[in-house]
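The values are calculated or read from the model by the stated rules, or taken from the named source; none is laboratory data. This structure is a prediction, so every number in the text was calculated from the model and none was measured. Cβ coordinates were reconstructed from backbone atoms using ideal geometry, including for glycine residues, and neighbour counts include every protein chain displayed. Remember, those area values only see protein heavy atoms, side chains included, never the ligands or the DNA or RNA. Shrake-Rupley method; radii C 1.70, N 1.55, O 1.52, S 1.80 Å.
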Amino acid sequence: MFYGIALIITDMIFAIMIYTSHNLLIKIGMTGIVLAGLIAYFYLIYINIYLPNLELQKLVEEYRKNEELKLNYRSGSKEDLIQEIQEIILSLDTMAIKQKNAEILMKNAEINNLQDQINPHFLYNTLEVIRGEALIKGDKKIAEMTASLANYFRYNISRKEAFVFLKDELKNCMNYFNIQKNRFGDKIFCEIVYHDTEKDKVGNCYIPKLILQPIIENAIYHGLELKMGPGTIKIHITESEESLIIHVVDDGLGMTQEKVDELNSDYDFENDDVSKKHNGVAIQNIKKRLKLYWGKRAYILVTSEIGEGTQVLIQMPLLYQKEDYMN
C-alpha cells in the first residue's frame, strides 16, 4: 500500500509537470511515465488487494458449505442421530467408568494372585502324600476321599477344553459325590443307569464340560441334605438317532411350582440373593451354554413336586466327533 500511495503522488507531480510544460517531447515522455505508473499501481492493487480478497471469499464459501453439511447431518435421519448419540456415549470417559475398570482390574489381580499361589502340581502332590499316609495307617476311607478330591481338582483345574467325553464328566460327578458321601455317609446314594444304549459307546460322545456336576450339587444341597432319611440321585442316560438325553432325578424335598418356573425362565439370578443364586445360577449357566452351542437343538428343563423330588432333563446333539466350535 505504501508503494501504491507513492506512485499516486509521483503521477500527480508528473501530471502537473505535463500540464505546465510547453515542450511537446517533454509532454510525451511525462505522459508515458504517468501511464507506466498507473499500470504499476493497478498491478499492486491486483496483487495485494484483489487476489487476497478472492482467496478470503473462497475460504468463507468453504466454511459455509461445511457448516451446512454439519447442519444437514444434525437434522438428518433418526438413524444418524442415534449413531451420533452412540458415538458420544462411547467417547465418554467418566470417573464412574474409570472406577469400575479399576475395580475389575483389582479383582483380576486378586484372582491371578490366588491362581499363582495354588499351583496344581503342588496341590496334587500334597493330596497324594495325604493319601499315602492314610494307606500306611490303614485308613481306606481317607485314602479314597483324598483320591476323589485329587481327581476332582485335576478335572476342574488342569483340563482346559470346553468339551469332554460323557464318561469323563460322569466320572467327575462320581468323584464329587464320593467327597460329599464322606460327609453324609449312608444318607445319600447315587446311581448311573443306561437305557437302550451301550455304556462304552455312548461314553465316548462329547458334551460340554461341567454340565452335570452342578446339577448333582444342587440335588444334594437343595434336595437330599435336609430330607429326613436317606435320599437317592439317579442319572439316566438315553440316546436317539441324533440326541443325547440325560435325566437327573432325585427323591429329595422338591420345590414349589413358582421356583420351578423361575428356573425354567430366563430370570437373571446373578443379581439375586444368595439362596436363589446357589441353585439358579448353575441352571442358567447350563442353559446359556446349550443355547450358545446349539440353539433350539438343545435345552434343559426342570420339573419338581414338594415332597416328591426334582427332575432335570438335558437334551443335546449326539456327537462322537468334535465339530469346529468345539476346538
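Any idea of M326's accessible area? Nearest 10 Å², probe 1.4 Å.
Approximately 10 Å² for this residue.
Can you compute the equivalent ellipsoid semi-axes for the range 113-237, i.e. the square root of 5 times each eigenvalue of the Cα gyration tensor, sorted largest first and rounded to whole Å?
So the equivalent ellipsoid measures 25, 21, 15 Å along its semi-axes.
For the range 121-198, with all protein chains present and a 1.4 Å probe, just round the carbon and sulfur fraction of the accessible area to a whole percent.
Details: 2660 of 4640 Å².
Taking all protein chains in place, the range 121-198 shows 57 percent carbon and sulfur surface.
Distance check, please: which entries in K199/K296; K171/K322; K199/K291; K234/K287; K100/K296 exceed 30 angstrom between their Cα atoms?
On the way: K199/K296 27 Å; K171/K322 20 Å; K199/K291 26 Å; K234/K287 21 Å; K100/K296 36 Å.
K100/K296, as the Cα separations exceed 30 Å there.
I'd like to compare 179-189, 283-293: which one has the highest average count of other Cβ atoms within 10 Å, and what's the full order after that?
283-293, 179-189
Please calculate the 1.4 Å probe accessible area of V312, with all protein chains present, and give it to the nearest 10 Å².
We get 10 Å² for V312.
Once you list every other residue whose beta carbon is under 14 Å from the beta carbon of N172, what net charge do they have if Lys and Arg are +1 and Asp and Glu are -1? The partial results should precede the final answer.
Working: positive: R154, R159, K167, K171, K209; negative: E161, D168, E169, E217.
Local net charge: +1.
Could you rank the peptides 145-157, 195-207 by their average count of other C-beta atoms within 10 Å per residue, with the highest value first? Walk me through the numbers before you get to the answer.
Values: 145-157: 18.8, 195-207: 14.7.
In decreasing order of mean packing, 145-157, 195-207 become 145-157, 195-207.
Pulled fully out, how much extra length does the chain show between L292 and Y194, if you take 0.36 nm times their separation in residues and subtract their Cα-Cα distance?
That pair, L292 and Y194, stretches by 32.6 nm at full extension.
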